[in-house]
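A.B. asks: Structure in structure tokens, see below.
Laboratory data are not the source of any read-out in this text; all were calculated from the coordinates shown. Computed from a prediction, not measured in an experiment: that's the story for all the values here. Please note: Cβ atoms are built from the backbone with ideal geometry, for glycine as well, and neighbour counts cover all protein chains shown.
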Amino acid sequence: MDTGKKLLLVAAVALVDSDGRVLLAQRPEGKTLAGLWEFPGGKVEPGETPEETLVREIEEEIGVEMKIACLAPLTFASHSYETFHLLMPLYVCRRFWGIPQPREGQTLKWVRPRDMRDYPMPPADLPLIPYLIDLL
């Protein structure tokens, strides 16, 4: 069955601090799904692995350095939006360097996984929450 939708590959990371909280980023005004909270990450560019994407995007977006070896795959989301189908692997990272700073107009917040449902999230992100609750 051909839906005609483009497949969009996006990588996301659950950055976990020493208190077991996960960093969420609120999409800024002017972007698609503005105001919703999501796991940081970004679109996988041609020639990149999802891990390379996360190392690049997290440094650009929030000024935190990660090593590929510190990224552990946890699960993935597969969600059909109106104009595209999103495939999003979610990684967990407990070792990173630097203090997250909002570099692209977003708001950042450390949240316990059990409290994530209190934050409006994109439909693709919601099914990932139970995996983090079980892990942390």
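A.B. asks: Taking the Cβ of residue 83 as the center, what net charge do the other residues with Cβ under 11 Å away carry, scoring Lys and Arg +1 and Asp and Glu -1?
C.D. replies: On the way: positive: 5, 6; negative: 82.
Result for the local shell: +1.
A.B. asks: Pairing the Cα long axis of helix 50-62 with the longest principal axis of the chain, what angle in degrees results, from 0 to 90 and rounded to the nearest 10?
C.D. replies: 60
A.B. asks: List the residues of the range 8-42 whose backbone N lies under 20 Å from a point placed 7 Å from the Cα of residue 114 along the Cα-to-Cβ direction.
C.D. replies: 15-24
A.B. asks: Identify all lysines with a Cα-Cα distance to residue 109 below 23 Å; exclude those on the same chain that are fewer than 8 residues away in sequence.
C.D. replies: 31, 43, 67
A.B. asks: 7 Å from Cα along Cα→Cβ at both residue 82 and residue 34: what's the point-to-point distance in nm?
C.D. replies: For residue 82 paired with residue 34, the spin-label model returns 1.6 nm.
A.B. asks: Relative contact order, percent, of the chain when contacts are C-alpha pairs under 8 Å separated by at least 6 residues? The partial results should precede the final answer.
C.D. replies: Working: 265 pairs, mean separation 42.3, N = 136.
Dividing the mean separation by the residue count of the chain yields 31 percent.
A.B. asks: Which length gain, in nm to one decimal place, applies between residue 133 and residue 43 when the Cα-Cα distance is subtracted from 0.36 nm times their residue separation?
C.D. replies: Here the answer is 29.9 nm.
A.B. asks: Mind listing the Cα extents of the range 6-135 along all three principal axes, in Å, largest one first?
C.D. replies: Principal-axis extents of the Cα atoms in the range 6-135, largest first: 38, 36, 30 Å.
A.B. asks: Label 7 Å along Cα→Cβ of residue 107; the range 45-71 residues with amide nitrogen under 20 Å?
C.D. replies: Only 61-63 fall inside the zone, counting backbone N under 20 Å.
A.B. asks: Hey, what number do you get for the chain at 222 nm if only DSSP H runs of n ≥ 4 count, each worth -39500 (n - 2.57), divided across all residues, to the nearest 500? Before the final figure, lay out the partial values.
C.D. replies: Working: 2 runs with 20 residues, N = 136.
Per the formula, -4500 deg cm²/dmol.
A.B. asks: Quick one: 13, 55, fewest Cβ neighbours within 10 Å first, how do they rank? If you can, show how the numbers build up before the last one.
C.D. replies: On the way: 13 30, 55 21.
Arranged by neighbour count, lowest to highest, 13, 55 become 55, 13.
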